[in-house]
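Dumping the structure here so I can ask a few things about it.
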Amino acid sequence: MSAAAPHYGETAARLAVAHTEATRCIHCGFCLPACPTYQVLGLEKHSPRGRIQLVKAWTEGRVAPGEGVAEALDLCLGCRACETACPVDVRYGLILETARDELAHHRARQPGQVLLKAVLRHVAAHPRRLALAARLTARLVQSAAGRQLLRAAAHWPDSWLPAALTFARALPAQSGPPAPTSRPAAVSGLESAARPGEHNTWVVKHAKPRAALFTGCAQAGLFPQVNEATAALLRAAGFDVLVPAGQVCCGALHRHQGDPGHARTLLLRNLRAFGFLSGEPPEMVVFNAGGCLAWIHEAVGVFPPGTPERAAAEQLAARAKDIAAVLLEHGWTPACGLQNGGRRPLRVVYQPSCHLTHVCGVTEAPLKVLRALPGVAVALPADGGACCGSAGIYNALHPQVSARVLERKMAAIAAGGPPDVIVTSNPGCHLQMLAGVRQAGLAGQVTVKQLPEFIHWYVAQSQKTKSPPG
Amino acid sequence: MSETIARELRSVLGPDHVLSSPADLVTYGYDATYVSHLPDVVVFPNSTEQVRQVLAVARAHHVPVFTRGSGTGLSGGSVPLGGIALVMTRMNRILEIDRDNLLARVQAGVVTADLQEAVRAQGLFYPPDPGSARISTIGGNVAENAGGPRSFHYGTTGRYVLGLEVVLADGTVLKTGGKTTKNVTGYDLTSLFVGSEGTLGIVTEVTLRLLPPPPPARGTLVASFADLAALGRAIGALAAHPARPTSLEMIDRHCLAVVDDYRPPEIPAGVAGALLCEVLDWPEALQRRLRELEEVCREAGAVTAAGVSDVSAQRRVWAMREALSPAVARIKPTKISEDATVPIAAIPAFLADLEEIRALRRVNLLVFGHAGDGNLHPNIICDERDADEMRRVQAAIDDIFAAALARGGTLSGEHGIGLLKRRYMTRAVPAETLAAMRRLKSLLDPHNLLNPGKVFPDEARSQRQKGGRTA
Ligand SMILES: Cc1cc2nc3c(=O)[nH]c(=O)nc-3n(C[C@H](O)[C@H](O)[C@H](O)COP(=O)(O)OP(=O)(O)OC[C@H]3O[C@@H](n4cnc5c(N)ncnc54)[C@H](O)[C@@H]3O)c2cc1C
Ligand code: SF4
Ligand code: SF4
């Protein structure tokens, strides 16, 4: 084993919290079947148990990052399925994130890391820039030169892969990404979403509080229609919907890629924008992206206890809700008077966001709201909803492994015959499912939508025809 | 280890299947115990022939070979002490499910639950149900003669092994047994390899006996007791009753406290222990049998006895039982699982011994296990970084084994001896018997290449374990 590096003591100190958590793991292996990377790669170091033991060994100076630890941690999807599977309640997320911060620290000067950080800070976190970048890259991928470049990029070592370029792999190629809407993307789109008469769509049972909508970065940049649909559903359910100006990317991507400083900056801006630091905060903040919601729930710890920021972050976390859970909790039912007309039900497979499942614990609500729609048959994928391989920007950073995870995923989705619609609950998953549908040769046959978008569309369609679409 | 050996292994298996990066060595150095030690190289054969070739390299260079399934073992059996870690997980093909003859032929690296599932899909049943079934391999199950709750009725893995393909240290590929359930054609070599913990040969293929599915109705009897004496009496009475259940599991109050969040309503808070029994029967007969068994428990002094037939209520009970083994580690990071087994009439006395040891040694000792088989799992939850506590733990372990042996029991019911229990072997096994085991070992593996340092108390390499983080 390598001798401990000179700065090893500092590393060990920074990793202390991960080490303590890692010692709680009893290597029972119960997490192995839940781990998508272990399932496709078949090696212990790509399993939760292996990664935890590697972080422990690293902290104890028995192995160095360059000796395979970094690779093992890089290839983790961060899906957190292992936490749900772990009977000891080992907090793997804490171990992973602490270790990734330390890796980022070691790599701070590597060109790949610098570029990645820059892309995340200056492009990915900004809806309009992201949408523009997406359009440009999609155009680039379609050009001969671009394809050649991408092929070359596939051979560069993973840590060096410029995320900006390979991101194009994840984009819906034929259709191209949706054009960005003018002026704060989501907000302007939302104005038009509030059409009169929309309230007729839903039966409202109780008086509703105010709901602020969190619009996100990728969601607002690439799938503005999902935000529009979310707002429409909330309005139709009787909420007063506000879309605070000045809100920004939630910072989850930065957090998970070892840039906690920027994640904290973004959180601070959001706390301000939503009125949690001053002014009057909304009773609830509604999220339609599982990844963002999970991070807001976990982000509390970036501020020291006892500070006003901490209190504000805690309040935001307590009021941050998933759209499906909100709809369910407020007792809505679709009031579209649908008749099935003897047609076969629309087959929907719900592919949940991992963080919505494993971090937020929201598993039943999305299924329940989908099942409340008449004429829809809802199923989970045969694997019960394991990670699709999107995992933030994993698909861009590790295209080969991501593609193998995706291949298994698509087989699980199509196990009972390809569905009509795949419904997801996160923009990253949405992109990945679009790629999966293409990869599986199902383009044109299977549609992909996010949950609010699907419900909104389904109800609107059936309103028009008085029977379910399909 | 020299680069020559790694090169030879690579030429046999291909470069992707011979790993020696520090990260790979660390992650193939542990099993589910607290001991670990690094191998020199990790190999992943894909066929019997490749296993043979790896052994040829090992023989040529006198390098020991440590076979590993999924590393869920609870005795350190697959922990490599240097040498070659030979991992069977790529050999995971189900070769045949023969419905007409009620048997399956599988490679040794098949995950137990995958086999259970494949067999179920064909309308058949593979009974052994170790708690680790979703992870463990059939090879590991054979090598440890793994049991599970249902062993009470159905027996352990060994009862289902009809035949084996085994690669011996000298490269001979043995085929033992066959496709028949009865077979007295010469010595029963199949049984010799069952429970041999990777020390006599490397199992590459297993022919397994299957059963038709059990009767479709499932019920669960949940009984709780105010004292362990009554609980012990109930175990004996249930085991001897004509309506006896398929499984007979016990958990004590210390366990119940740990998994309180799983505690089903059938078990009141504050009891000394509980019994959980599965009953499989025909729908018409199920209720009658559950009532019968409730009565048996009440007569033995149970505070509550409830036959549950609601599916989700039963699921809740068994979820608690499944979570228990690992969940006890929530309290403290180090979990030492013992596997002492006593004749069932000795259970009440043995439980009393354990309570005494807990108090005397001041250790966090909890007990659950397959009570119907007399197979208890006294678990000690501790912190390996606390030297004082670990001394008391060691003393408690010594006491546990002494008590089990004094009660006419044995060291291990299903987890094997491996590294952790070697030192008690001389006390547990008569000298002549141990000598006969050694002669067998040196006959089949004269150069001590296969899993050296395991099972026997004073192997030549036993010194090496001091170099690693071993017990
Ligand atoms: C939470 C938990 C619950 C458990 N519950 C049970 C239970 O209910 N009942 C039970 O009996 N056990 C139980 N176990 C213990 C363990 O799962 C079993 O011993 C299992 O059979 C080990 O299988 P494995 O594939 O993980 O083998 P490993 O741990 O990898 O190896 C175990 C032994 O088998 C040998 N071996 C493995 N494969 C081969 C082969 N192909 N040829 C020759 N030797 C081989 C190894 O050298 C080693 O000595 C449990 C373990 C855990 C962690
Ligand atoms: S399930 Fe939990 S305790 Fe078991 S190996 Fe995985 S992380 Fe460790
Ligand atoms: S987070 Fe997901 S990919 Fe990473 S170790 Fe856990 S289960 Fe595996």
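The values are calculated or read from the model by the stated rules, or taken from the named source; none is laboratory data. Keep in mind that this is a model prediction, so the values were computed, not measured. So basically every Cβ, Gly included, is an ideal-geometry build from the backbone, and we count neighbours across all protein chains shown.
Would you check which residues across the stretch A:21-42 are of a type in the set (Gly, Ala, Ser) and more than 7 Å from every other protein chain (Cβ to nearest Cβ) and list them? Spell out the reasoning first.
Filtering the stretch A:21-42 for residues of a type in the set (Gly, Ala, Ser) gives A:22, A:29, A:34, A:42.
Selection gives A:ALA22, A:ALA34.
Continuing with the same structure: Please determine whether any residue of the stretch B:75-82 is closer than 22 Å to B:ARG7 by Cβ and of a type outside the set (Ser, Thr, Tyr).
Yes; the residues of the stretch B:75-82 include at least one that is closer than 22 Å to B:ARG7 by Cβ and of a type outside the set (Ser, Thr, Tyr).
A further question follows. Has the stretch B:238-248 got any residue that is more than 27 Å from B:ASN364 (Cα to Cα), surrounded by 17 or more Cβ atoms within 10 Å (Cβ to Cβ) and polar (S, T, N, Q)?
So far as the stretch B:238-248 goes, yes, one or more of its residues are more than 27 Å from B:ASN364 (Cα to Cα), surrounded by 17 or more Cβ atoms within 10 Å (Cβ to Cβ) and polar (S, T, N, Q).
Something else about it: I'm checking my understanding of the structure. Among residues of the stretch A:84-98 that are within 10 Å of ligand 3 (Cβ to nearest atom) and within 13 Å of chain B (Cβ to nearest Cβ), which one is surrounded by the most Cβ atoms within 10 Å (Cβ to Cβ)?
A:CYS86
Right, something else. Evaluate the following for A:GLU407: is it assigned by TED's automatic domain parsing to the domain that holds A:PRO366 and farther than 25 Å from A:CYS217 by Cα?
So A:GLU407 passes the test.
With the requirement that a residue be without any contact (Cβ under 8 Å) to a residue 40 or more places away in the chain and not polar (S, T, N, Q), what does the stretch A:242-258 give you?
A:PRO244, A:GLY246
Do any residues in the stretch B:24-47 that are under 20 Å from B:ALA108 (Cβ atoms) and touching a residue at least 24 places away in the same chain (Cβ under 8 Å) have Cβ atoms under 6 Å from those of residues that are basic (Lys, Arg) and in a loop (DSSP other than H, G, I, E, B), where the two are at least six apart or on different chains, and which pairs are they?
B:PHE44/B:ARG90; B:ASN46/B:ARG90
Moving on to the next point. Can you tell me which residue is farthest from ligand 1 (Cβ to nearest atom) among those in the stretch B:51-75 that are in contact with a Leu (Cβ under 6 Å, 6 or more places away or on another chain) and of a type outside the set (A, V, I, L, M)?
Selected residue: B:PRO64.
Any residue that is away from ligand 3 (no atom under 16 Å from the Cβ), within 20 Å of B:SER36 (Cβ to Cβ) and within 14 Å of chain A (Cβ to nearest Cβ) - is there at least one of those in the stretch B:397-408?
Within the stretch B:397-408, not a single residue is away from ligand 3 (no atom under 16 Å from the Cβ), within 20 Å of B:SER36 (Cβ to Cβ) and within 14 Å of chain A (Cβ to nearest Cβ).
Among (1) surrounded by fewer than 22 Cβ atoms within 10 Å (Cβ to Cβ); (2) in a loop (DSSP other than H, G, I, E, B); (3) away from ligand 2 (no atom under 16 Å from the Cβ), where does A:ASP101 come up short?
So A:ASP101 meets the others, but not (2).
Same structure again: Among the strands (runs of 3 or more DSSP E) contained in the stretch B:1-98, which hold 1 or more residues that are away from every other protein chain (no Cβ under 13 Å) and surrounded by fewer than 18 Cβ atoms within 10 Å (Cβ to Cβ)?
It comes to B:94-98.
Return the residues of the stretch A:51-68 that are in contact (Cβ under 8 Å) with a residue 24 or more places away in the chain, of a type outside the set (Gly, Ala, Ser) and more than 16 Å from ligand 1 (Cβ to nearest atom); say none if nothing qualifies.
Passing the criteria: A:ARG51, A:VAL55, A:LYS56, A:TRP58, A:THR59, A:GLU60, A:ARG62, A:VAL63, A:PRO65, A:GLU67.
Further question: Looking only at the stretch B:277-323, count every residue that is among the aromatic types (Phe, Trp, Tyr) and either in contact with a Lys or Arg (Cβ under 7 Å, 6 or more places away or on another chain) or in a helix (DSSP H, G or I) (or both) and tell me the total.
Final tally of qualifying residues: 1.
Here's a follow-up. Just give me the residues in the stretch A:69-83 being more than 16 Å from ligand 1 (Cβ to nearest atom) and either surrounded by 23 or more Cβ atoms within 10 Å (Cβ to Cβ) or under 30 Å from B:GLY131 (Cα atoms) (or both), in sequence order.
A:VAL69, A:ALA72, A:LEU73, A:LEU75, A:CYS76, A:LEU77, A:GLY78, A:CYS79, A:ARG80, A:ALA81, A:GLU83
Here's something else I'd like to know. Just for the stretch B:111-129: of the residues that are touching a Ser or Thr at 6+ places or on another chain (Cβ under 7 Å) and without any contact (Cβ under 8 Å) to a residue 40 or more places away in the chain, which one is nearest to ligand 3 (Cβ to nearest atom)?
Within the stretch B:111-129, the subset touching a Ser or Thr at 6+ places or on another chain (Cβ under 7 Å) is B:111-112, B:128.
Subset that is without any contact (Cβ under 8 Å) to a residue 40 or more places away in the chain: B:112, B:128.
On the way: B:THR112: 21, B:PRO128: 27 Å.
In this case the residue turns out to be B:THR112.
Just one of (1) assigned to a helix (DSSP H, G or I); (2) touching a residue at least 40 places away in the same chain (Cβ under 8 Å); (3) within 14 Å of chain A (Cβ to nearest Cβ) trips up B:PRO326, so point out which.
Among (1) assigned to a helix (DSSP H, G or I); (2) touching a residue at least 40 places away in the same chain (Cβ under 8 Å); (3) within 14 Å of chain A (Cβ to nearest Cβ), B:PRO326 violates only (2).
Among the residues of the stretch A:43-68, write down those that are touching a Gly at 6+ places or on another chain (Cβ under 6 Å) and within 13 Å of A:THR23 (Cα to Cα).
Listed by number, the list holds a single entry, A:ARG49.
How many residues are on the phi > 0 side of the Ramachandran plot and either within 13 Å of ligand 2 (Cβ to nearest atom) or more than 7 Å from every other protein chain (Cβ to nearest Cβ) (or both) when one looks only at the stretch A:43-75?
Matching residues across the stretch A:43-75 total 1.
Please name all residue pairs, on different chains or six or more residues apart, with Cβ atoms under 6 Å, provided the first residue is in the stretch A:316-342 and is at pLDDT 75 or above and the second residue is surrounded by 14 or more Cβ atoms within 10 Å (Cβ to Cβ) and among the hydroxyl-bearing types (Ser, Thr, Tyr).
Correct list of pairs: A:ILE323/A:THR230.
If B:PRO333 satisfies all but one of (1) within 14 Å of another protein chain (Cβ to nearest Cβ); (2) within 14 Å of ligand 1 (Cβ to nearest atom), what's the number of the condition it fails?
(2)
Quick check on this structure: which one of A:GLY42, A:GLY50, A:GLY78 is within 15 Å of ligand 3 (Cβ to nearest atom) and out of contact with any helix residue (DSSP H, G or I) (no Cβ under 9 Å at 6 or more places or on another chain)?
Of the residues listed, the single one that is within 15 Å of ligand 3 (Cβ to nearest atom) and out of contact with any helix residue (DSSP H, G or I) (no Cβ under 9 Å at 6 or more places or on another chain) is A:GLY42.
Condition check: among the aliphatic types (A, V, I, L, M) and either farther than 16 Å from B:LEU231 by Cβ or in contact with a Cys (Cβ under 8 Å, 6 or more places away or on another chain) (or both). Does B:VAL363 satisfy that?
Yes: the conditions hold for B:VAL363.
While we're here: Under 7 Å between Cβ atoms, which residue pairs at least 6 apart in sequence (or on different chains) link something in the stretch A:78-92 that is in a loop (DSSP other than H, G, I, E, B) with a partner that is within 16 Å of ligand 1 (Cβ to nearest atom) and among the charged types (D, E, K, R)?
The qualifying pairs are A:VAL88/A:ARG24; A:VAL88/B:ARG330; A:ASP89/B:ARG330; A:VAL90/A:ARG24.
Please work out which one of (1) touching a strand residue (DSSP E or B) at 6+ places or on another chain (Cβ under 8 Å); (2) at pLDDT below 95 is the condition B:PRO80 fails and give its number.
Status for B:PRO80: all satisfied but (2).
Something else: Kindly indicate whether B:ARG134 is more than 22 Å from B:THR246 (Cα to Cα) and either away from ligand 3 (no atom under 16 Å from the Cβ) or within 11 Å of chain A (Cβ to nearest Cβ) (or both). Steps first, answer last, please.
Details: more than 22 Å from B:THR246 (Cα to Cα): no; either away from ligand 3 (no atom under 16 Å from the Cβ) or within 11 Å of chain A (Cβ to nearest Cβ) (or both): yes.
No, not satisfied.
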